[in-house]
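Worksheet for the structure shown next.
Every number here is computed from the coordinates shown, using simple stated rules; none is lab data. This is a predicted model, so every value here is computed, not measured. All Cβ positions, even for glycine, are placed from backbone atoms using ideal geometry, and neighbour counts span all protein chains on display.
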Amino acid sequence: MPIKLVFYLPSLSAEDRATLFGSLVAVTAYPRGNPIREGVISGVFSYDAHHILTIAATVFAVVPFALAFWMPKW
């Protein structure tokens, strides 16, 4: 996701992008509609990031479901 911040906020320094990525308070200090805040929102909630996280969550959710079939019947 920090790579997406570079894409959406190219004018910021690497230190500023790291601060914004690591602190929700720093992001919310900017008003809604500010290009920096909108860039962070676009970078963090981009399709690529959610796509990867959704696949990972689905894989981890299937494991306990599959293991439930091998539980002993007490």
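Ellipticity at 222 nm from helices only: DSSP H runs of n ≥ 4 in the chain, each -39500 (n - 2.57), divided by the residue count, give -21000 deg cm²/dmol. Between Trp70 and Asp16, residue separation times 0.36 nm minus the direct Cα-Cα distance comes to 14.4 nm. Among Ser23, Ser42, the ranking by other beta carbons within 10 Å of each residue's beta carbon, starting with the fewest, stands as Ser23, Ser42. Loop-located chymotrypsin sites (Phe, Trp or Tyr not before Pro) in the stretch 1-37 (DSSP state other than H, G, I, E, B) with a sparse environment of at most 16 neighbouring Cβ atoms within 10 Å are absent.
So if a site counts as exposed when it's one of the trypsin sites (Lys or Arg not before Pro), its DSSP state isn't H, G, I, E or B, and it has at most 11 other Cβ atoms within 10 Å, what's the longest stretch of the chain without one?
On the way: sites that count: Arg32, Lys73.
Of all site-free stretches, the longest is 33-72.
Dipole size in debye (nearest 20) for the stretch 2-70 around its Cα centre, Lys and Arg Cβ +1, Asp and Glu Cβ -1? Could the numbers behind the result be given before it?
Details: 4 positive and 4 negative charges, 21 e Å.
The calculation lands at about 100 debye.
Of Phe7, Ala18, Trp74, whose Cα points farthest to the positive end of the dipole of the chain (charges on the beta-carbon: +1 Lys, Arg; -1 Asp, Glu; origin at the Cα centre)? The residue sitting farthest along the positive end of the dipole is Trp74.
Normalised by the residues of the chain, what does the relative contact order come to in percent, with Cα pairs under 8 Å and at least six apart?
Numbers: 38 pairs, mean separation 24.6, N = 74.
Contact order relative to length: 33 percent.
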